[in-house]
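The values are calculated or read from the model by the stated rules, or taken from the named source; none is laboratory data. All of these numbers come straight from a predicted model, not from anything done at the bench. Positions of Cβ are backbone-derived with ideal geometry, glycine not excepted, and every protein chain shown enters the neighbour counts.
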Amino acid sequence: MPNMNIIQSLNSALDNMLERDEDVIVYGQDVGYFGGVFRTTDGLQEKHGAHRVFDSPLSEGGIMATAFGMGINGLRPVVEIQFADYIFPGYDQIVNELAKVRHRSGGQYWAPVTVRTPAGGGIRGGHHHSQSPESQFTHTPGLKVAYCSTPFNAKGLLISAIECNDPIIFFEPKRCYRGPFYGDPHNVLTWEGHPEAEVPESHYSIPLGEARLAMEGGACTVIAWGAMVHVCEQAIRDSGVSCDLIDLQTLVPWDRDTVVNSVAKTGRCVIVHEAPKTSGFGAEMAASVQERCFYHLENPIQRVTGWDTPFPHSTEWDYMPGPARIAAAIQRTQEG
Amino acid sequence: MARKKKSDKTLNVPTAPFRAGDEATFESWPWKPGDLGRPDPKKCSADDTIKHAHGLVRVLGDDNKASGDWNPELNADELRQGLEHMVRLRIFDDRMMKMQRTGKLSFYMRSFGEECVAIAQTMALETQDWIFPTYRQPGAQFVRGRDMVSMICHCLSNAEDNVKGRQMPVHYTYKEGRFISVSSPVGTQFSQAVGVAMASQYKGLDEVTITWIGDGATAEGDYHYALNFASVYNAPVILNVVNNQWAISTHANFARGGNEFASRGLPYGLASIRVDGNDFLALYAVTQWARERAASGAGATHIEVLTYRAGAHSSSDDPSRYRPGDEYAQWPGGDPIDRLRDHLIAIGEWSRGQQTELEKRIDAEVMDAYKEAVKFGDLANGPHQEVETIFTEVYEEMPWHLKEQRDEAVGE
């Protein structure tokens, strides 16, 4: 089985889907001729034709609106928003149109659009190449939201997203595109040799709505998605505490059963995300966990998140949750 | 640093030509039928339409006769069909507005004064063409054969509403007629329509998409996205700006500087035409031209449909607060129904008596449809849709969290 990084596995997913389904088309800024600024669509135009993989104007609103129209007219567009930070000119089309058309039309029309977008920090991207705006989409009924973390789940989840008949926002942790990120910015790794980088070239899918148990333990449940999955892995090792590490993979609908069963077992819970704390998806999960696990909880649920500030440039390692903060939170759950 | 003042002037804010209490006095139009030639839609360039963008395509003259290169030469049956659809829409609107006032509908919007827009333009299309309307083009559904009872059931939000009571009245969906779901956020349909057209083009289908946007909503980004994408991908789409001059109380002077909408298509490289929107024949002809152009692969057309919103924006609006009550009567464009009626009379194909008969017949038709529709309930008295419909069709399959919330809502 070939070793792939996330860029390659996403490319392979798109290639498989372009091959299998004539209705799949792929477009966005720099996506066609150049193959994407992160190289995710490299070679796809040459292989599948400029009518199927093509460049768009610099117009997130126009990309989203035309994808809506194509979806209504029987296509299955997969569009790229170059950075999640730039998705907002298309927000009205996503929130008021894509997310609502099936419901508002009484089920007569729907638009199976996949919006791929690199998200998250760790690349010295400052305010506007670093944000992780998933909760601005999880709060919109009608949308599904996925967040991959490894080469294997990136491909399997993207294929499920494209095959899904609901609109979906698909976040890709750009810091992990070419290697896992364990929280040390100076340790730049590749996916070479990583078990999650063994990716079949053929089509496979990972069901939306199912979490992945990335580590198994008994004393605490740690939940994360995107790049934070790997940072949590490091933090768990550093803490010396035996933890379940749950990689959520899909945020809407999220795998509450897996989370609740784990917390019922461990009695402790730490939720980690890069996005700001207030109204972050961790708040939703914490509320649900206390509803379901109140009598199992031995300690307060901990949240380790980005701060409620704009994402910084030179101080990004003090903004993003790192192994030390997460390990400290895990330790707090063990007190008393 | 102290800032130096250069004058006593301040921010320049436009106004409407006339406000409530003013006397509305319009100059008569300089444009006449026959002013403008009809270029070859398959071959002409955007620049060949410069005069059409700055002028006004008319076919019906002040003498009620049809003339000029743009005369679509429709036969009398077709003209009478157009007249009937327009009369039907006006009487339907009046009945619905009355029912809104009694609380049977939550809200209503008439097409009063601009009935011609959707009707002439949809009649000029093929049945496989896609319709991306605003809330002011419900008339397209009459052309596409939608059952009036079904339309009223939607407006009453009753048990037979085909969008299940989820949308306000007038937010129709009619898939059989390729009429997309009307959306309240103004302008979003305009850029979506380009995507529909791109998909038709991708599949090599003989389909054109038509869409409309109001003068006010041209100030939204979606308008510009649409023109740009249509131009870049040469999409088979017809982009109409319905300049009815008023966006609630906001005059078109706030939507654009200068005095024109049509010519804004030219720098995008789009054929651009301004047309008399209350002239059934001119509007039909221009739309047919744009369809022919789109279907031939020559690209999109940007059309300014010049009309006047004779009624209130909606049942919640009172235009006497912001414009003269008789402005509609003073406006030089006249009334689209009167003009087509008078043309048919002028060519000996219609009479005042027949008009009265038609109105009586349609009035009865609308009343009968209303009585039939209200059997399925109305907003004030129910029955409404089942509570479960809040949760269905949010996704293709209901996820667990919606199932739990549904069970809570229905009390299980």
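Considering each of B:Tyr202, B:Tyr174 in turn, give the residue that is more than 7 Å from chain A (Cβ to nearest Cβ), free of Cβ contacts under 8 Å to residues at least 40 places away in the same chain and among the aromatic types (Phe, Trp, Tyr). Criteria check complete, one pass: B:Tyr174. Residues of region A:159-196 that are of a type in the set (A, V, I, L, M) and within 17 Å of the chain's Cα centre (by Cα): A:Ile159, A:Ala161, A:Ile162, A:Ile168, A:Ile169. One residue stands out in region B:389-408 among those that are within 8 Å of another protein chain (Cβ to nearest Cβ), assigned to a loop (DSSP other than H, G, I, E, B) and out of contact with any strand residue (DSSP E or B) (no Cβ under 8 Å at 6 or more places or on another chain): the one that is surrounded by the most Cβ atoms within 10 Å (Cβ to Cβ), namely B:Glu393. List every residue pair whose Cβ atoms lie under 7 Å apart, where the two residues are 6 or more positions apart in sequence or sit on different chains, the first residue falls within region B:81-96 and is touching a residue at least 60 places away in the same chain (Cβ under 8 Å), and the second residue, located anywhere, is surrounded by fewer than 21 Cβ atoms within 10 Å (Cβ to Cβ) and charged (D, E, K, R). Listed pairs, sorted by first residue: B:Val87/B:Glu359; B:Ile91/B:Glu359; B:Ile91/B:Asp363. Go through the residues of region B:196-218 one by one and say whether even a single one is more than 22 Å from B:Ala300 (Cα to Cα) and either in contact with a Pro (Cβ under 9 Å, 6 or more places away or on another chain) or part of a loop (DSSP other than H, G, I, E, B) (or both). No, region B:196-218 has no match at all. Say we look at region B:39-73 and pick out the residues that are over 18 Å from B:Gly265 (Cβ atoms) and among the polar types (S, T, N, Q); which of these is surrounded by the most Cβ atoms within 10 Å (Cβ to Cβ)? Filtering first and then ranking leaves B:Asn71. Just checking, does region B:367-378 include any residue being of a type in the set (D, E, K, R), loosely packed, with under 15 Cβ neighbours inside 10 Å and not in a loop (DSSP other than H, G, I, E, B)? Among the residues of region B:367-378, at least one is of a type in the set (D, E, K, R), loosely packed, with under 15 Cβ neighbours inside 10 Å and not in a loop (DSSP other than H, G, I, E, B), which makes the answer yes. Taking region A:40-125 and the strands (runs of 3 or more DSSP E) fully enclosed by it, the elements with 3 or more residues that are in contact (Cβ under 8 Å) with a residue 24 or more places away in the chain and more than 10 Å from chain B (Cβ to nearest Cβ) are at A:76-80, A:114-119. Among the residues of region B:177-199, those that are closer than 22 Å to B:Arg144 by Cα, polar (S, T, N, Q) and at the interface with chain A (Cβ under 7 Å from one of its Cβ atoms) comprise B:Ser181, B:Ser183, B:Gln192.
Quick grid of which residues meet (1) of a type in the set (Gly, Ala, Ser); (2) touching a residue at least 40 places away in the same chain (Cβ under 8 Å); (3) touching a strand residue (DSSP E or B) at 6+ places or on another chain (Cβ under 8 Å):
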site	(1), (2), (3)
B:Thr134	no, yes, yes
B:Val149	no, yes, no
B:Ile213	no, yes, yes
B:Gly216	yes, no, yes
B:Phe229	no, no, no
B:Tyr233	no, no, no
B:Asn240	no, yes, yes
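For region B:255-267, the condition of being in a helix (DSSP H, G or I), free of Cβ contacts under 8 Å to residues at least 60 places away in the same chain and more than 15 Å from B:Glu114 (Cα to Cα) holds for at least one residue. Figure legend. Inter-residue proximity from region A:155-168: first residues more than 13 Å from chain B (Cβ to nearest Cβ) and under 15 Å from A:Thr117 (Cα atoms), second residues in a loop (DSSP other than H, G, I, E, B) and among the β-branched types (Val, Ile, Thr), beta-carbon distance below 6 Å, spacing 6+ or different chains. Indicated pairs: A:Lys155/A:Val199; A:Leu157/A:Ile206.
Residue by residue, here is whether (1) surrounded by fewer than 17 Cβ atoms within 10 Å (Cβ to Cβ); (2) in a strand (DSSP E or B) holds:
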| site | (1), (2) |
| --- | --- |
| A:Met285 | no, no |
| A:Val289 | no, no |
| A:Arg303 | no, yes |
| A:Asp318 | yes, no |
| A:Pro321 | no, no |
| A:Ala328 | yes, no |
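Restricting to region A:111-127, name every residue that is of a type in the set (A, V, I, L, M, F, W, C) and touching a strand residue (DSSP E or B) at 6+ places or on another chain (Cβ under 8 Å). Residues satisfying the conditions are A:Val113, A:Val115, A:Ala119.
Summed over region B:146-171, the residues that are more than 13 Å from chain A (Cβ to nearest Cβ) and not in a loop (DSSP other than H, G, I, E, B) give a count of 6.
Is region B:24-46 home to any residue that is of a type outside the set (Gly, Ala, Ser), touching a strand residue (DSSP E or B) at 6+ places or on another chain (Cβ under 6 Å) and assigned by TED's automatic domain parsing to the domain that holds B:Gln288? No, region B:24-46 contains no residue that is of a type outside the set (Gly, Ala, Ser), touching a strand residue (DSSP E or B) at 6+ places or on another chain (Cβ under 6 Å) and assigned by TED's automatic domain parsing to the domain that holds B:Gln288. Out of A:Ala275, A:Ala235, A:Ala264, one residue alone is of a type in the set (A, V, I, L, M) and not in a helix (DSSP H, G or I). It is A:Ala275.
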